[in-house]
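The values are calculated or read from the model by the stated rules, or taken from the named source; none is laboratory data. Keep in mind the model is a prediction, meaning the values are calculated, not measured. Here the Cβ positions follow ideal geometry from the backbone for every residue, glycine too, while neighbour counts run over all protein chains shown.
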Amino acid sequence: MDADGTGLTDLTKSPGEDYAPVWSPDGKQIAFVSKRNDETPQIYVMNSDGSDQARLTSGKQYNDSPDWSPDGSTIVWQQFERKGFIVTTTDIWAMKPDGTAPRQLTHASIVDPEFWTAETG
């Protein structure tokens, strides 16, 4: 996109909804949420030019709010289940940027989305 807001480029070109993009710390990749083919929202990653899109999550749970660790070695995200419009459980998960080693960080009924903060002191 140009500084004046013109020259937009569609990086994902998917038939579904793509949202919540977040750049990796080195600027080489973008993690984002995509809702394709009437599936629940899933976490994807792609190169900064839109190439090599890869789906990192799967299942019936809703996946949202991806974020990168400051060193780029981990992606965290919020995973929740719904009954109709009511969210019944929400937890924070983490995985490597290639989708391997997923691990659940919280075991709560409802938690707020994750955020990385810088160390102080």
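Tabulated data
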| read-out | value |
| --- | --- |
| Number of the exception - Glu81 against (1) in a loop (DSSP other than H, G, I, E, B); (2) surrounded by 10 or more Cβ atoms within 10 Å (Cβ to Cβ) | (1) |
| Filtered residue count, region 52-76, keeping only those that are surrounded by fewer than 13 Cβ atoms within 10 Å (Cβ to Cβ) and modelled with pLDDT of 95 or more | 4 |
| Failed criterion for Ala3 (all others in (1) under 21 Å from Gln104 (Cα atoms); (2) among the hydrophobic types (A, V, I, L, M, F, W, C); (3) out of contact with any Pro (no Cβ under 9 Å at 6 or more places or on another chain) hold) | (1) |
| Which numbered condition Glu39 fails, given (1) crowded, with 17+ Cβ neighbours inside 10 Å; (2) of a type in the set (D, E, K, R); (3) without any contact (Cβ under 8 Å) to a residue 24 or more places away in the chain | (1) |
